[in-house]
Amino acid sequence: GACRQALKPIKKYLDRANELKAKDPIVAYYCRLFALQEALALRSAGKTTSADMGFIMGLMDEAEAEKKTLGAQLDDSSDAMHVENFGQELFQKADDQDRAGQSTLQVAKVYNAAYVVMETCKQFGELPSDLAEKIKYAKARAVEIGLAIKQNRPPAPPPRTEDEGGGGGGGGGGG
């Protein structure tokens, strides 16, 4: 069902969960589980109404059903790595295309998916600082590219990383 106003912050996790269900059911499950945890946090902070409770209960049922389906495939210790790697791979894919000057709406979407998946790693414990940085970066790039496309201008090029320094100059901006 449609996400209620109070639960809008969890929509991105649910969108990813639904999008990835066929492609990677384990990542999809943890996206849904994280959405559920966030929903419960909103509820305990008093930000939801009793009407939202129906949605949250439905979410619980879905997560429970997914857990049953996955069963033995789930393993907390390796799943944390699996979800993080999935997010990192998405990030790498977007970053490579972005740096190659292909900063399209599709790349913005991949950045967006990457940061959402990486963010769900919070459920496994404190995020390592490099992951937290990547989340911030992916979020910023997704916004920059999205805005540029809306405003019909080329997106600002991605900032150079330390390991890109040294040999040869960058290849000028394409049109």
Percentage relative contact order, the chain, counting C-alpha pairs under 8 Å, at least six apart: 19
In the stretch 19-175, with Lys and Arg counted as +1 and Asp and Glu as -1 at Cβ, which of these residues, P158, L33, A132, has the Cα nearest the positive end of the dipole, that is, farthest along it? P158
Sequence-distant lysines (8 or more away, or on other chains) whose Cα lies within less than 18 Å of K93: K23, K109, K134, K136, K139
For the chain, which whole percent of the accessible surface, found with a 1.4 angstrom probe, sits on carbon and sulfur atoms? 53
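Determine the relative contact order of the stretch 9-51: mean sequence separation of Cα pairs under 8 Å and six or more apart, normalised by residue count, in whole percent.
The normalised contact order for the stretch 9-51 reaches 35 percent.
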Percent of Cα-Cα pairs more than 10 Å apart in the stretch 1-40, please. 64
Over the chain, with the other protein chains present, what is the accessible area per residue in square angstrom, probe 1.4 angstrom? 57
Report the Rg/Rh value for the chain, based on alpha-carbon coordinates and the Kirkwood definition of Rh. 1.03
Angle between the chain longest axis and helix 25-44 axis [Cα atoms, degrees, rounded to 10]: 70
Measuring from its Cα centre, the chain shows a charge dipole (+1 at each Lys and Arg Cβ, -1 at each Asp and Glu Cβ) which, in debye to the nearest 20, is 860
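Per-residue ellipticity at 222 nm for the chain, helices alone: DSSP H runs ≥ 4 residues times -39500 (n - 2.57), over residue total, nearest 500 deg cm²/dmol?
Taken over the chain, the calculation gives -22000 deg cm²/dmol.
The values are calculated or read from the model by the stated rules, or taken from the named source; none is laboratory data. This one's a predicted model, so the numbers in the text were calculated from it and none came from an experiment. As a convention, Cβ positions derive from the backbone with ideal geometry for all residues, glycine included, and neighbour counts pool all protein chains shown. To get the accessible areas, we keep the full protein, side chains included, count just its heavy atoms, and leave off ligands, DNA and RNA. Shrake-Rupley method; radii C 1.70, N 1.55, O 1.52, S 1.80 Å.
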